[in-house]
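Everything on this sheet refers to the single structure shown next.
The numbers here are math on the coordinates, done by the rules we state, and not lab data. A quick note: this is a predicted structure, and the numbers were derived from the prediction, not measured. When we count neighbours, we look across all protein chains shown, and the Cβ atoms used for this are built from the backbone with ideal geometry, even at glycine.
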Amino acid sequence: MDNNYTTHLKNKSLISVTGDNSKDFLNNIITNDVNKLDKDKSIYSCLLSPQGKVISHFFIFIFGQGYQIMIDDFLKEELIQKLNFYKLRSKITIELNQKYKIIYSKNKIEKSEYSFADPRNENFGHYHILHSQDDNFSTTLNQTEEYNNLINTNGLVDNIFQNVKGNYFSLELNMKELNAIDFSKGCYVGQENTARMNLKEKISKRVFLLKSEDNLEIEEDVIFNNEIIGKVISTNPNFAMIKMAKFNDFINQKIETKSSKNINIIKPNWI
């Protein structure tokens, strides 16, 4: 990716959480700790089901009158509903913030209202918040394909989230390595199973990108030495849930499905 690459992420939105109880409210339901935030630092976090399955993921930062949640458009309405469900008598206001647009760049740029490095990994780039009516942004905007390619090749689940939503635990989606979980901050929704899995290291399967020149099929088995080691959960991009037993035996080997005899599991460098 070109170091000057910049694009408008039209598929992302902001949700504002403001009010006297907003910090405690958020900390009681999400996987990360909002106490880590300051004016220059964001966090990556998830909302889990009571059983610990990931139902939403997002960035949070402090801007304007309170906390801003940056989230994919297709998840925003459900997250607002969930936040209102947990709100009870908390003195907070939850609303869609349509005053701003979201710009991504490989390197930091100037003239934004607010900017932050991707909290998952500093090598993933930067996000910038600008007024939605701001037409004075001088940087040339590119198409989003390169951004999506960056997400996919780094093994992130952003572009396949519809395939994994509500089906897998946070540790299975590598959320621990992506700094989305704080194991010391106390209780949150789904915390019990998450903490137990982490303490006992009971992660039987994890999601990984697959490299294949052939077209794969969702739900087909991934095989190594005639043994099923996983299942395809997404195509274009190709991702699979891979068993962790004997993982080191096949990570650098050719694996296969019924659709392809030449597949590699891509282990990202942040794991």
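With 27 Å as the limit, the listed pairs Lys10/Lys41; Lys39/Lys99; Lys91/Lys202; Lys41/Lys87 have Lys91/Lys202 beyond it between alpha carbons.
Among the listed pairs Lys12/Lys106; Lys36/Lys267; Lys23/Lys165, those whose Cα-Cα separation exceeds 21 Å are Lys36/Lys267; Lys23/Lys165. Compared with the direct C-alpha span, the chain from Asp249 to Glu213 gains 10.7 nm at full extension, assuming 0.36 nm per residue.
Below 10 angstrom from the Cβ of Ser212, what's the summed charge of the other residues (Lys, Arg +1; Asp, Glu -1)?
Net local charge, Ser212 excluded: -1.
Using R0 = 30 Å, the C-beta based FRET efficiency linking Met1 and Lys258 works out to 0.30.
On full extension, the segment bounded by Asp38 and Glu95 gains 18.4 nm, given 0.36 nm per residue less the C-alpha separation.
If you wrap the tightest convex hull around every Cα atom of the stretch 2-118 and split its volume per residue, you get 111 Å³. Computed from the C-beta positions of Glu113 and Phe85 and an R0 of 35 Å, the FRET efficiency is 0.70 to the nearest 0.05. All other residues whose Cβ lies under 15 angstrom from that of Asp72 are scored, Lys and Arg at +1 and Asp and Glu at -1, for a net of +2.
With N denoting the number of residues in the stretch 189-271, provide Rg(C-alpha) divided by 2.2 N^0.38 Å, to two decimal places.
In units of the globular-protein estimate, the stretch 189-271 measures up at 1.16.
For the chain, what class follows from the C-alpha gyration tensor (a ≥ b ≥ c being the square roots of its eigenvalues): rounded when a/c is under 1.5, otherwise prolate if a/b is larger than b/c, else oblate? In terms of gyration-tensor shape, oblate.
Cross-link partners for Lys185 among the aspartates and glutamates, with Cα-Cα distance under 14 Å and sequence neighbours closer than 8 places in the same chain left out: Asp24, Asp33.
Hand me the trypsin sites (Lys or Arg not before Pro) from the stretch 1-99 located in a DSSP loop with no more than 10 other Cβ atoms within 10 Å, in residue order please.
Those satisfying the criteria are Lys10, Lys39, Arg89.
When the chain is treated as a GNM with alpha-carbon contacts under 10 Å, the residue of Met175, Met197, Met241 showing the greatest mean-square fluctuation is Met197.
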